[in-house]
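Encoded as structure tokens, the structure appears first; notes follow it.
Where a number appears in this text, it was derived from the coordinates with a stated rule and is not lab data. What you are looking at is a predicted structure, and each value in this text was computed from that prediction instead of being measured. Here the Cβ positions follow ideal geometry from the backbone for every residue, glycine too, while neighbour counts run over all protein chains shown.
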Amino acid sequence: FIDRPLSDKADPAAVANAIHEARTLDVNGIISSNPEKHPVFQVDSSGTVVTVYEKGSAKASFVVGKVSPGFADTYVRQAGSNDVSSVTGTFGYVFNRALREWRNKTIFTVPQESIKEVKFQFGDTTFTLVHKDTLWMVGKDAADMSITQSLLGSLSTITVDDFVDSALSPLPKIAAQISYAGQQIRFAFSKTFSKYHVQTSASTRWYVMEPWHANSLLKRKNELIKSAK
């Protein structure tokens, strides 16, 4: 979980990478002990301070600076020390993330094989993608298998591109909806931002999705039906 400046679920992969790098720092040697050179290596206030805690107690703290000229190492300084060390690897990006990149962007997940029916609603137009025997069908028409498999993979793990941390007023008008696996994913297009606001039926919370991302999920009927040869 992210504790400050807001409370939210963290991205498991980002956290795992940070813990792995913090545990496996391979120090090659000290490059400089001159505090006046800290800005050169970006291990001053321009660096990223990482503090590792165990059971509420700080166990280690270090500043991650810039990458070496050969892009093989990263400069690191232990907090409270003037020594700047060269550490194997280019891992600064693992720690130096914007807040939104630490947040969990997955809002719904379900095993792909459990999806047997997907209902689409665009205004007053509705249609259903259904698995029958060994085929996926849209009404009486066979669905394109490559498009369907790609869609099912995307639907099994719904991710968003950004977060809405304040109340939306007025509430967005739902433009489209996808229902499957006991869940509804609602889409409202914002003309102001040229992006979609997205919500699941499990929460009142809204998220942001780029148009290309939303369009990969919002398949029209003619896109899903297998073309006649």
Search the structure for amide H atoms under 5 Å from the amide H of Ala10, placed 1.01 Å from N in the peptide plane, and list their residues when 5 or more places away or on another chain.
Ile2, Asn104
Using alpha carbon centers only, the stretch 76-120 is separated from the stretch 178-229 by a whole-angstrom value of 25 Å
Can you give me the angle between helix 145-156 and the longest principal axis of the chain, using Cα atoms only, in degrees from 0 to 90, rounded to the nearest 10?
60 degrees
Distribution of pairwise C-alpha distances over the stretch 12-140, 10 Å bins, in %:
11, 30, 20, 10, 10, 13, 6, 0
What number comes out for the charge environment of Phe120, summing +1 per Lys or Arg and -1 per Asp or Glu over other residues with Cβ under 9 Å away?
+4
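Dipole magnitude of the stretch 29-81 about its Cα centre, charges +1 at Lys/Arg Cβ and -1 at Asp/Glu Cβ only, in debye to the nearest 20? Mind dumping the intermediate values first?
On the way: 5 positive and 4 negative charges, 23 e Å.
The calculation lands at about 100 debye.
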Testing the spin-label approximation: label points 7 Å from Cα along Cα→Cβ at Phe122 and Phe193. State their distance in nm.
2.3 nm
Fluctuation leader among Ser45, Ser201, Ser156 - the chain, Gaussian network, Cα springs under 10 angstrom:
Ser45
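Just add up the charged neighbours of Pro172: K/R +1, D/E -1, any other residue whose Cβ is under 15 Å from the Cβ of Pro172.
Details: positive: Lys173, Arg186, Lys191, Lys195, Arg205; negative: Asp162.
Around Pro172, the surrounding residues sum to +4.
Which entries in Lys195/Lys226; Lys119/Lys226; Lys105/Lys219; Lys173/Lys221; Lys140/Lys195 show an alpha-carbon gap greater than 27 Å?
On the way: Lys195/Lys226 29 Å; Lys119/Lys226 18 Å; Lys105/Lys219 22 Å; Lys173/Lys221 22 Å; Lys140/Lys195 34 Å.
With Cα atoms farther than 27 Å apart: Lys195/Lys226; Lys140/Lys195.
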Spelling out what I want: for every residue of the stretch 108-115, take phi, set θ = phi - 60°, compute 6.51 cos²θ - 1.76 cosθ + 1.60 (Karplus), and round to whole Hz; glycine and proline get x.
7, 9, 8, x, 4, 5, 7, 7
Here the FRET efficiency for Val49 versus Val130, based on Cβ atoms and R0 = 45 Å and rounded to 0.05, is 0.25
Compute the angle between helix 12-23 and the longest alpha-carbon principal axis of the chain, please, reported from 0 to 90 degrees and rounded to the nearest 10.
20 degrees
How large is the helix-only mean residue ellipticity at 222 nm for the chain, computed as the sum of -39500 (n - 2.57) over DSSP H runs with n ≥ 4, divided by its residue count, in deg cm²/dmol to the nearest 500?
-4500 deg cm²/dmol
GNM, the chain, Cα, under 10 Å: largest mean-square fluctuation among Ala14, Ala58, Ala143?
Ala58
Quick one: divide the alpha-carbon radius of gyration of the chain by 2.2 N^0.38 Å and tell me what you get.
1.38
